[in-house]
Amino acid sequence: MRKFLTLLALVAGTASAADNLRPPLLLTARAAAQDLGGTWTYSKDYYRTSLTDINGWVAKSRMQRFRDVDVAAEEKKGGPTFFEFDLDRGPTMELPGAWNSAVPELRWYDGLIWFQRRFDAKVLPGQRSFLRFEAVNYRAMVYLNGKPIAQHEGGFTPFVVEVTDTLRATGNRLVVGVDSKHDAQTIPGEITDWDLYGGITRPVKLIQTPATFIDDATLRLTDAGRLVGSLQLNGPQAGNQPVSLRIAALGVTLQARTDASGEARFDVAAPGTLKRWSPESPTLYDVDFEAGGDKVRDRIGFRTIAVRGSDILLNGKPVFLKGISIHEEEIGSNPARRIDDAAAHRLLGEVKNSLHGNYVRLSHYPHNEAMLRAADELGLLVWSEIPVYWTVDWDSPAVLDKARRMQAETIYRDRNRAALVLWSIGNETPVADNRTRFHTALAETVRALDPSRLVSAALLVERQGDTIRLADPLLKELDVVAVNTYAGWYGDDTLDAVAKLRWDLPADKPLLFSEFGADAQAGFRDPALHRKFSEDYQADYYRATLTMAAKVPTLRGLSPWVLKDFRSPRREHPVYQQGWNRKGLISETGQRKLAFDVLADWYQETPRPAPPR
């Protein structure tokens, strides 16, 4: 009962407490930084002996891998001291990237690994220094020169720590303990339908700034046609400082002054020459923010997104979302979540240029920032979600707090991305009162932090004969209804029966088919028997499902499952899967299956600004 009442109190206070979710440091849009990617050494610590000795005692110093010690030099001295680690002489790994793909012995490793990077830094008087980790999966324990400087939980969002007083000019020893273990209190939980991918999976950067610096800057277009934004200073001279915003291509220059907390706000009518961002014309502008001795530049597009009845309105006009779902895996036989600009453009280019899409669902967690920026450039609308996936501990205030913080971390990171129009607060979660309270708190968090975008969630449906019903109490919290449907793949439906299915849905909200799909092994053809796992079955499954979809009057978009075959330990058929979910329209190496052209043709031949009512 106490946990239940605490959860109710958290839900009730969500909006008022939203400001407390802002990460203490953001350092957004920083182009100048020292990239710490490259060769790191590592040491496995399956029994966590760096942290805990036998009987729960504190780990012995000879085991503590995070210490700032030259083990080889100490060993040369002789004497009774000895060590059971040496990260300076450990095996190496190229980071960022998941350890599961680095060496065969780590393919199924799930636990704690310590990573070390030695580096020099140019330390200037009066400057401040920060480390920015774009993602560490799942828990991170960070030490610099033997000192603990940060801990973070959550595998897909950034965190920043100041190291001004810890950084050395030469010989810095950065050690990061990464624990990939998931359990009942983590988000996501212990079981998912994607790979483990433990490690430092996204870039680590050393950023140096003036004593007072621009920590965050944002700008967007309102429904009323105004450009509104803010700039946040951090430092001893943050209050009452003049700041400026400039968009040279539009001839816009704005001046403002920070308040006592270091925040300045901007609000001006958008100039008539402004070109709104859209998939057909993904116009981006260089926006320069300046304060004192600090400057940042971001490339920002300006558009509006809204719902009206069962329509989704982009820049005030109905839009049909022609898309696909994607996991964060680069194309290749041994993906490691190394998503750089080239990998992002290759993935999203398949959607934009070959599928004729205008939309992508980035599943099931916040993707690499490179994906969002590539979507901005290519012109793809984006659904982004946090990994409240299947089941978590709905009654735990601590788990809800983790989910809200993950949501806040991705909102603060991606607020300037025009492509991003939908925040999803969950995927395929079981209907129950405690689950609905949990999601309601997340929806309220999103609206408190970013009321300019739409809220959705991928819901489960009920089947009653030939009728599919959606009676989820979470509906009232959503701007856009989204459902996952696999009739014709899971279950006993024939493909002929799929087109006859009827949908009982809210008439006053837009609907997305957030998932549908069927497995197929690339190259396996079986036109005679039409067996599952064949390309022929997958292609006909798409034809049947698209025929059904076209009859749903409120349907305003699709993101079938999934663009590319992806790794999943749940999928172990020895012939067709071998640890891969084969629902991709392309194989892991990029080979297109028959269903790819089925969907591409449907998107190209059917403009669908909005289906008839």
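The values are calculated or read from the model by the stated rules, or taken from the named source; none is laboratory data. It should be emphasised that the depicted structure is a prediction, and the values quoted were computed from it without experimental measurement. So basically every Cβ, Gly included, is an ideal-geometry build from the backbone, and we count neighbours across all protein chains shown.
Listed values, structure above:
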read-out	value
Single match in V287, V228 (criterion: in a strand (DSSP E or B), surrounded by fewer than 17 Cβ atoms within 10 Å (Cβ to Cβ) and hydrophobic (A, V, I, L, M, F, W, C))	V228
Enumeration of residues in region 150-167 that are more than 15 Å from K205 (Cβ to Cβ), assigned to a strand (DSSP E or B) and β-branched (V, I, T)	none
Exclusive hit being within 26 Å of the chain's Cα centre (by Cα) and either among the aromatic types (F, W, Y) or assigned by TED's automatic domain parsing to the domain that holds V455 (or both), set L594, L599, L546	L599
Residues (part of a helix (DSSP H, G or I) and free of Cβ contacts under 8 Å to residues at least 40 places away in the same chain) located in region 442-451	A443, V446
Residues satisfying the stated conditions in region 115-167, i.e. within 23 Å of I339 (Cα to Cα) and of a type in the set (D, E, K, R)	R117, R132, E134, R139, E153
Condition check for G189: outside any strand (DSSP E or B), among the small types (G, A, S), under 23 Å from D35 (Cβ atoms) and at pLDDT 95 or above	no
Members of region 415-441 that are over 14 Å from L454 (Cβ atoms), of a type outside the set (S, T, Y) and outside any loop (DSSP other than H, G, I, E, B)	G426, N427, D433, N434, R435, R437, F438, H439, A441
Test result for D450, at pLDDT 95 or above, touching a Lys or Arg at 6+ places or on another chain (Cβ under 7 Å) and among the charged types (D, E, K, R)	yes
Subset of region 349-370 that is touching a residue at least 40 places away in the same chain (Cβ under 8 Å), outside any loop (DSSP other than H, G, I, E, B) and touching a strand residue (DSSP E or B) at 6+ places or on another chain (Cβ under 6 Å) - its residue that is farthest from L454 (Cα to Cα)	V351
Residues of region 143-159 that turn out to be farther than 21 Å from S61 by Cβ and surrounded by 21 or more Cβ atoms within 10 Å (Cβ to Cβ), as a count	7
Residue in region 119-139 that is on the phi < 0 side of the Ramachandran plot, without any contact (Cβ under 8 Å) to a residue 60 or more places away in the chain, part of a loop (DSSP other than H, G, I, E, B) and among the polar types (S, T, N, Q) present	no
